[in-house]
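Q: To start, I am sharing the structure in question, which I have written as structure tokens.
The values are calculated or read from the model by the stated rules, or taken from the named source; none is laboratory data. The shown structure was predicted, so the numbers you read here are calculated from the model rather than taken from an experiment. Positions of Cβ are backbone-derived with ideal geometry, glycine not excepted, and every protein chain shown enters the neighbour counts.
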Amino acid sequence: MNIRVAVLLALATATTAQAANVVVQKNGQFPTIQAGITAAGAGGTVTVKAGVYEETPLIGSTLDGLTLKASGNVIIDARLANGSGDGPGIQINADDVTVRGFTIRHALYAGVNKHGAGVNVSSHGALIENTKFINCGEVGVQLQALVSDTVIRNCVMTGCAYGVYAASSNDDIKVENCSISYCSSYGIYVSGATPIVRKNTIQNTNGYGIYVSGPDAVIEKNTVRNIGSSGIYVNSLDGVFRGNKVYSAFDGNGIYSGGDGALLEDNLVFDTRYEGIYVSGSQLTVRKNRVRTTGGNDEGIYVSGGTFVLVESNIVDGGGYAGFYVSADGITARKNIALRSGRFSGSSAGFYFSGNGATIEKNTAKDCHGDGFLLYVGNSDILNNVATGNTVDGFDVNGSNCDVLSNVALKNSGEGFDLSGSSMAFKNNTAKNNRIDVAASVMPTSFQANAYGTGGVNTLPEID
């Protein structure tokens, strides 16, 4: 055997010897979790038998790849004997550590670098799963800055200030299938690139349900209810919000998205203080969402500040001001429904749109308090929309170079169509049983093949 091979075999033997399978048990060879961790070494497995362990184990930086798992009902109580704080329940300083199956309670702040976290992580690649965190003073699972590739799943956090807190520049963090309740601050707070927050339930928190900051976020199939601030609040380029449910955001938005390229689809928002869904940025897609706000005093869906916005196949029932408020250039609004929106004065309407280059088609505004459609648009197409039973005008169109084609206004308390602007084409529209079917401040440039309930076909509009 040559010297090089002999050295490699010796190193391999030494490495293997360091990793061990250790059982921790009261009155056993290793009666404390800390003793088991030390004996197992890097890459080892520590199995902890049932019992209450009053300690705060440390997984040091030399113990990469350690697995710490509970067998039976294992409780780590992180308090000192006098009830005061002693820092985190488990401190992880090594990479690729797994913690599984524990109940951790009473992790309390005890000074600098002794965080009140059930598990405090300052390394990469941690997996925290199937663990309960009860009455931890600061946070259930805390990730220090610059930590990456951490997975937190199938955990329960209750009575903690935060359920999950990931400080700045924590990339590739995944939080999924967790149940988080009664947090005095946020349910989930994550800052960093490509976070995934999926299939969590957050309820009865004083602050945000979910707060995320960082590009390429995926916020999917979460349920958030009874939240003191916004249900889901995210600043993310190219963020994806899909299949979330938000009930009762008492002092905030249901869902807030800030950043270009966002996709919001198939979300359900019910009963918010402010906007049901608030989106800002460019290149936005908002589709197949349902918003019902019974007590809020702002819009159902509010989109502002960008260009090229698609708003499609959404339903809003009961927005405080407008059901839909969209201010952008390059709007495409298609197949949306606004019901019973506009309970407050001002810009109350089923749909409020402003900007240039809009395509507004196949939308329905019904029984809204205010205008069905309140439009401040230029160079736009307004096609095949329906306004019925609204308390003011069916369509209040203000703009130049617009085509108003094949729309229907029925039983509105004001004008069916109230037209104001220059170079407007008004064709193939139907207005019946409105207070005044068509009124205009300036005669449209093109006016033909329209049908009215009073005066027959192609009767000129009443000029204001």
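Q: Please verify whether Tyr211 is surrounded by fewer than 21 Cβ atoms within 10 Å (Cβ to Cβ) and either within 13 Å of the chain's Cα centre (by Cα) or within 24 Å of Val141 (Cβ to Cβ) (or both), treating the condition exactly as stated.
A: No: the conditions fail for Tyr211.
Q: When you go through Gly295, Gly276 one by one, which is the residue that is surrounded by 24 or more Cβ atoms within 10 Å (Cβ to Cβ), at pLDDT below 95 and small (Gly, Ala, Ser)?
A: Step by step, each of Gly295, Gly276 is checked, and only Gly276 is surrounded by 24 or more Cβ atoms within 10 Å (Cβ to Cβ), at pLDDT below 95 and small (Gly, Ala, Ser).
Q: Given the conditions (1) at pLDDT 95 or above; (2) closer than 16 Å to Ala409 by Cα, report the number of the one that Ala349 does not fulfil.
A: Ala349 satisfies all of (1) at pLDDT 95 or above; (2) closer than 16 Å to Ala409 by Cα except (1).
Q: Another question, then. Is it true that Lys174 is surrounded by fewer than 24 Cβ atoms within 10 Å (Cβ to Cβ), at positive phi, charged (D, E, K, R) and at pLDDT 95 or above?
A: no
Q: Here is a further query. Just checking, which of Leu63, Leu108, Leu68 is touching a helix residue (DSSP H, G or I) at 6+ places or on another chain (Cβ under 9 Å) and within 24 Å of Val156 (Cβ to Cβ)?
A: Leu68
Q: Can you confirm whether Gly87 is touching a Lys or Arg at 6+ places or on another chain (Cβ under 6 Å) and farther than 19 Å from Cys178 by Cβ?
A: It is true that Gly87 is touching a Lys or Arg at 6+ places or on another chain (Cβ under 6 Å) and farther than 19 Å from Cys178 by Cβ.
Q: Working only within region 31-43, note down all residues that are closer than 17 Å to Ser123 by Cβ and assigned to a loop (DSSP other than H, G, I, E, B).
A: Matches in region 31-43: Gly41, Ala42, Gly43.
Q: Kindly indicate whether Ser191 is among the hydroxyl-bearing types (Ser, Thr, Tyr), in contact with an Asp or Glu (Cβ under 6 Å, 6 or more places away or on another chain) and touching a residue at least 24 places away in the same chain (Cβ under 8 Å).
A: So Ser191 fails the test.
Q: Give region 44-62 a look and list any residue that's more than 37 Å from the chain's Cα centre (by Cα) and assigned to a loop (DSSP other than H, G, I, E, B), or say none.
A: Gly44, Glu54, Thr62
Q: Just to be sure I understand, how many residues within region 381-415 are within 34 Å of the chain's Cα centre (by Cα) and among the basic types (Lys, Arg)?
A: 0
Q: Return yes when Asn113 is without any contact (Cβ under 8 Å) to a residue 40 or more places away in the chain, part of a strand (DSSP E or B) and either assigned by TED's automatic domain parsing to the domain that holds Ser169 or surrounded by fewer than 22 Cβ atoms within 10 Å (Cβ to Cβ) (or both) and no when it is not.
A: No, not satisfied.
Q: Among the residues of region 317-364, write down those that are in contact with a His (Cβ under 7 Å, 6 or more places away or on another chain) and surrounded by fewer than 21 Cβ atoms within 10 Å (Cβ to Cβ).
A: Arg343
Q: Looking for something closer than 20 Å to Arg290 by Cα, assigned by TED's automatic domain parsing to the domain that holds Ala439 and over 29 Å from the mean Cα position of the chain (by Cα) - is there at least one such residue anywhere in region 357-368?
A: yes
Q: With the structure loaded, tell me whether Gly252 is within 18 Å of Val303 (Cα to Cα), surrounded by fewer than 24 Cβ atoms within 10 Å (Cβ to Cβ) and touching a residue at least 40 places away in the same chain (Cβ under 8 Å) or whether it fails that test.
A: In short, yes.
Q: Another one. What are the residues in region 83-100 that are assigned to a loop (DSSP other than H, G, I, E, B) and either buried (at least 19 other Cβ atoms within 10 Å of the Cβ) or among the acidic types (Asp, Glu) (or both), if any?
A: Gly85, Asp86, Pro88, Gly89, Ala94, Asp95, Asp96, Val97
Q: Among the residues of region 439-464, which ones are surrounded by 17 or more Cβ atoms within 10 Å (Cβ to Cβ), in a strand (DSSP E or B) and either modelled with pLDDT of 90 or more or touching a Lys or Arg at 6+ places or on another chain (Cβ under 8 Å) (or both)?
A: Phe447, Tyr452
Q: What do you reckon, is Val22 outside any loop (DSSP other than H, G, I, E, B), closer than 27 Å to Ala110 by Cα and touching a residue at least 12 places away in the same chain (Cβ under 8 Å)?
A: no
Q: Quick one: which residue in Ser348, Ser313, Ser341 is among the small types (Gly, Ala, Ser) and on the phi > 0 side of the Ramachandran plot?
A: Ser313
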